[in-house]
Amino acid sequence: MQTKNIKAFGTEAAEAPLQTLDIQRRAVLAHDVEIEILYCGICHSDLHSARNEWHGTIYPIVPGHEIVGRVTKVGDHVKHFKVGDLAGVGCMVDSCRECEHCKNDLEQFCDQGSILTFNSPDAHLGGQTFGGYSQSIVVDENYVLHISDKLDLAGVAPLLCAGITTYSPLKHWNVGPGQKVGIVGIGGLGHMGIKLAKAMGAHVVVFTTSLSKTEDAKRLGADEVVLSTDPEQMAKHAKSLNFILDCVSAEHNIDAYLNLLKVDGTLTLVGAPMEPLPVTSFSLILGRRSFAGSAIGGIAETQEMLDFCAEHNITADIELIGVDEVNNAYERLLKGDIKYRFVIDMASLK
Ligand SMILES: [Zn+2]
Ligand SMILES: [Zn+2]
């Protein structure tokens with residue numbers, strides 16, 4: 001198979017900093033789109049994967065699954081993209097296309113396991129897939145998203161992971177006008193959850209452990225902000241929320257939040273604490289409450305989210321950096337020192 005050599009930014013080992021690497025992309029096949037990458041967001045899972053914290057990382061790794069760019073080449077059978085179009089790629093670049101989930105626009109739950117944008121088996125070139133910290137990417141058009149030119153492109157990049165991860169559960173649990181919705185945690189995910197829930201018409205209550213984030217939560221669209229370490233403030237919201245989106249990746253008290261749900265309310269995790277979370281049976285039983293989880297969204301829903309964001313003028317709040325700042329950005333990410341997503345300007349990769 002024909003290939004093209006390009007520059008990327010990744011690492012050969014868990015302990016080594018990221019650096020410039022040479023990788024190969026396949027030449028476009030009949031259904032492929034080649035995208036020159038303009039911006040790539042930094043997701044916490046990039047850091048976990050680069051450092052092998054979830055195990056199973058294959059080196060070298062090139063992270064990045066919040067990709068926005070411009071189409072530079074299309075295969076002979078490509079129907080929906082042309083050279084010059086803006087395009088996006090999120091967490092998946094392929095899936096089996098035949099299982100019940102793929103057929104129902106839920107490729108993220110593909111029975112065979114969807115092919116992730118980085119560190120998944122590459123059926124075309126062998127080895128593993130390489131992500132968006134790179135000059136270009138070649139993806140089957142069925143897994144490529146259309147990007148509006150109305151929004152700031154760097155701010156759009158994080159929608160491809162953080163945006164869809166929060167949009168999908170808000171839609172699935174029918175968040176909308178007349179509902180009181182809780183967002184727990186204001187980070188990369190939480191800040192998108194606030195903006196999206198507000199745009200969907202809900203009354204948004206944000207829960208944070210840090211008083212200093214109160215004003216920012218309001219700026220992002222929160223109707224109310226609750227300091228979750230203050231039992232009195234928490235008690236005021238008992239049995240009053242229809243839905244809670246829990247964006248916290250650290251250990252925290254799930255029962256305290258379940259008890260804020262109304263009858264038939266649901267608390268959905270999108271943050272991913274590594275340790276098991278204890279739940280008291282009566283927090284669920286008394287109130288027929290549900291404790292659930294959610295992961296990204298299918299391709300069609302990701303497009304729906306991007307269109308929704310274009311219509312409502314929603315992008316992520318970002319700090320734009322060059323590739324030479326990526327290693328430092330990882331350290332800052334660990335400290336929570338970012339409002340609210342780093343995005344790499346890929347023009348800086350030489
Ligand atoms: Zn991600
Ligand atoms: Zn499938």
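Read-outs: derived from the displayed coordinates by stated rules, not from any lab. Fair warning: this is a prediction, and the values are worked out from it, not measured in the lab. Note that we place each Cβ from the backbone using ideal geometry, even for glycine, and neighbour counts take in every protein chain shown.
Here the spin labels are modelled as points 7 Å beyond Cα on the Cα-Cβ line, and at Leu29 and Met274 they lie 3.7 nm apart. Of Leu153, Leu258, Ser95, which is farthest along the charge dipole of the chain in the positive direction, counting Lys and Arg as +1 and Asp and Glu as -1 at C-beta? The residue sitting farthest along the positive end of the dipole is Leu258.
Taking every C-alpha pair closer than 8 Å and separated by at least 6 residues, the mean separation divided by the residue count of the range 162-293 gives a relative contact order of 21 percent. Here the 3J(HN,Hα) profile of the range 222-231, calculated from phi with Karplus coefficients 6.51, -1.76 and 1.60 at θ = phi - 60°, is 5, 7, 9, 10, 10, 7, 6, 7, 9, x Hz, Gly and Pro shown as x. When only alpha carbons are used to place a centre, the range 122-148 and the range 291-348 end up 18 Å from one another. A dipole drawn for the range 242-301 from +1 and -1 charges on Cβ atoms has a positive end, and of Ser281, Val270, Leu245 the residue lying farthest that way is Ser281. When you count the other C-beta atoms within 10 angstrom of each residue and take the mean per peptide, 229-239, 37-47, 71-81, 88-98 line up highest first as 37-47, 88-98, 71-81, 229-239. What does the charge count near Ala310 come to, summing +1 for each Lys or Arg and -1 for each Asp or Glu among other residues with Cβ under 12 Å from its Cβ? So the environment of Ala310 carries a net charge of -4. Among Phe243, Phe291, Phe118, whose mean-square fluctuation peaks in a Gaussian network model of the chain (Cα, cutoff 10 Å)? The residue that fluctuates most here is Phe291.
Each residue of the range 133-142 was assigned a 3J(HN,Hα) from its phi angle through the Karplus expression (A = 6.51, B = -1.76, C = 1.60, θ = phi - 60°), giving 7, 7, 6, 7, 8, 10, 9, 4, 4, 5 Hz with x at Gly and Pro.
Each semi-axis of the equivalent ellipsoid for the chain is √(5λ) with λ an eigenvalue of the Cα gyration tensor; in descending order they amount to 35, 21, 19 Å. Exceedance of the 31 Å cut-off in Cα-Cα distance is limited, within the set Lys171/Lys239; Lys7/Lys195; Lys82/Lys335; Lys218/Lys262; Lys150/Lys236, to Lys7/Lys195; Lys82/Lys335; Lys150/Lys236.
If I take every Cα pair under 8 Å that is 6 or more residues apart in the range 38-122, average their sequence separation and divide by the length, what percent do I get for the relative contact order? RCO, the range 38-122: 25 percent.
Summing +1 for each Lys or Arg and -1 for each Asp or Glu among the other residues whose beta-carbon sits under 12 angstrom from that of Leu151 gives -3.
Projecting the Cα positions of Ala222, Thr208, Asn174 onto the charge dipole of the range 162-293 (unit charges on Cβ atoms of Lys, Arg, Asp and Glu, taken about the Cα centre) puts Asn174 furthest along the positive direction. Antiparallel beta bridges, as assigned by DSSP with both residues in the chain, represent about 55 percent of the total such bridges.
For the chain, the dipole from Cβ point charges (+1 on Lys and Arg, -1 on Asp and Glu) about the Cα centre works out to 600 debye, to the nearest 20. Taken about its Cα centre, the range 188-232 carries a charge dipole of roughly 280 debye when the Cβ of each Lys and Arg holds +1 and the Cβ of each Asp and Glu holds -1. Multiplying the residue separation of Asp230 and Trp54 by 0.36 nm and subtracting their alpha-carbon distance yields 60.0 nm.
3J(HN,Hα) along the range 70-84: 10, 5, 10, 7, 10, x, 4, 9, 6, 9, 10, 9, 9, 4, x Hz, from the Karplus curve 6.51 cos²θ - 1.76 cosθ + 1.60 with θ = phi - 60°, whole Hz, x for Gly and Pro.
Put a plus charge on the Cβ of each Lys and Arg, a minus charge on the Cβ of each Asp and Glu, and nothing anywhere else: the dipole of the range 142-290 about its Cα centre is then about 460 debye. Local charge for Gln19 was computed over the other residues whose Cβ lies under 12 Å away, with Lys and Arg +1 and Asp and Glu -1, and equals -2. At q = 0.10, 0.13, 0.14, 0.21 Å⁻¹, what is the log10 ratio I(q)/I(0) for the range 162-293, with the Debye formula run over Cα points and no solvent? Rounded to two decimals, the profile gives -0.26, -0.45, -0.53, -1.31.
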